[in-house]
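The structure appears right after this line, and notes come after that.
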Amino acid sequence: MKKKIIVITGGTTGIGFACAEYLISEEYKVIITGKTKANLDIALSKLGNNATGFLSDTSSIVEIDELVLKIKTQFKQIDGLFVNAGIYKSANFLSTDEELFDQTMNVNFKGAFFTIQKLIPLLKNPSSIVLNTSVVVFKAFANTSVYTASKSALESLAQVLNVELANKGIRINMVSPGVTESPIQKKSGMTEEAISNLLKHFSSTSPIGRIVKPTDIAPIVEFLLSDKSLVLRNEKIIVDGGSTL
Ligand SMILES: NC(=O)c1ccc[n+]([C@@H]2O[C@H](COP(=O)([O-])OP(=O)(O)OC[C@H]3O[C@@H](n4cnc5c(N)ncnc54)[C@H](OP(=O)(O)O)[C@@H]3O)[C@@H](O)[C@H]2O)c1
């Protein structure tokens, strides 16, 4: 059987990279994207021949168009899409300025919206789209107002798309990670001490007694991308070790 081809936005580090590694180990081919060339080069050198990568800033419509053209030229069609590229910058509500608002919404929501829209013609029938949202949608965390709004917007979008895209055989489901140890924390503007306290808190209070790792999320994403979840629509799988219980 031909290997299924999956696009992973933001597949260079953290959760996206772990999913790329896992999917390849399960006989898929992956196309990863990222914004930073050094990260893309390192990821591709680790992933080997079943991975292809493109630099593409998901907040830019022009770059999404270029990405889609490259994928179409090289692969013609794809079997699935993991909408994963995302950023988080720690800021309380009162200090969230227009720049941070736009940056977060443009990467996490606008980028996701138009990546999905423009990849629709390449998605096979049937195919699967998985959105990476977050537990912040249903459990309030301070200093995440615009980030939370961007993830809530994604979850609302999923519902509409499951109705609009059903006749194309496209289904949309979500993975909702809890606090997961990844490079996102170091990029967040939090101090080393604050990051260490956050990870310690979730390690000690979680029913699993440790922090969630990107490798915990990968098999769940594979399930949602595979035919094993063919009849699921708009499901959200919370992967947080029970920490929001
Ligand atoms: N870690 C958590 O606690 C957690 C919890 C819930 C949900 N999530 C979600 O999981 C997703 C992945 O996060 P992560 O924790 O794995 O963090 P990460 O290691 O920082 O990964 C983020 C990925 O997105 C890419 N990216 C960022 N901005 C981009 C842009 N403008 N265009 C294209 N790619 C871009 C990054 O690429 P480069 O850095 O190479 O540019 C990287 O590959 C995010 O959507 C995040 O919101 C994370």
Here are some pairs, LYS124/LYS187; LYS70/LYS151; LYS35/LYS118; LYS3/LYS187; which of them have Cα atoms lying more than 30 Å apart in this structure?
LYS124/LYS187; LYS3/LYS187
Quick one: go through segment 44-68 and flag any residue whose amide nitrogen is under 18 Å from the point 7 Å out along the Cα-to-Cβ line of GLN74.
44-58, 63-68
Could you give the distance between the Cα centres of segment 1-77 and segment 99-154, to the whole Å?
18 Å
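Taking 0.36 nm per residue of sequence separation and subtracting the Cα-Cα distance, how much length would be gained by fully extending the chain between SER152 and GLN103, in nm to one decimal?
16.0 nm
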Just in segment 1-106: which GluC sites (Glu not before Pro) are loop by DSSP and have at most 14 other Cβ atoms within 10 Å?
GLU26, GLU27
Run the dipole for segment 149-245 about the Cα centre, Lys and Arg Cβ at +1, Asp and Glu Cβ at -1, nothing else charged, and hand back the magnitude in debye, nearest 20.
80 debye
The answer for the longest stretch of the chain without any exposed trypsin sites (Lys or Arg not before Pro) (DSSP loop, at most 11 further Cβ atoms within 10 Å) is 77-245
Full extension from VAL160 to ILE195: what is 0.36 nm times the residue separation minus their Cα-Cα distance, to one decimal in nm?
9.0 nm
Of the candidates ILE208, ILE61, ILE32, which one comes out as most mobile in a Gaussian network treatment of the chain with C-alpha springs shorter than 10 Å?
ILE208
Charge-dipole axis of the chain as Lys and Arg at +1 and Asp and Glu at -1 on Cβ define it, positive-most pick from PRO183, LEU69, LEU100
LEU69
Which of MET174, MET190, MET105 moves the most in a Gaussian network model of the chain with Cα springs under 10 Å?
MET190
For segment 1-159, what is the charge dipole size about the Cα centre, in debye to the nearest 20, if Lys and Arg each add +1 at the Cβ and Asp and Glu each add -1 at the Cβ?
580 debye
Dimensionless Rg/Rh of the chain - Kirkwood Rh, Rg from C-alpha atoms:
0.94
Given Cβ charges of +1 for Lys and Arg and -1 for Asp and Glu, the option among PHE141, ILE211, LEU119 whose Cα lies farthest towards the positive end of the dipole of the chain is LEU119
Length gained when the stretch ASN49-LYS213 is fully extended (0.36 nm per residue, less Cα-Cα span)
56.5 nm
Enumerate the amide H contacts of ILE8 below 5 Å, restricted to partners 5 or more residues apart or on another chain; note that Pro and chain-start residues carry no placed amide H.
ILE31, ILE32, THR33, PHE82
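Quick note: the coordinates plus some simple rules give every number you see, no bench work behind them. What you are looking at is a predicted structure, and each value in this text was computed from that prediction instead of being measured. So basically every Cβ, Gly included, is an ideal-geometry build from the backbone, and we count neighbours across all protein chains shown.
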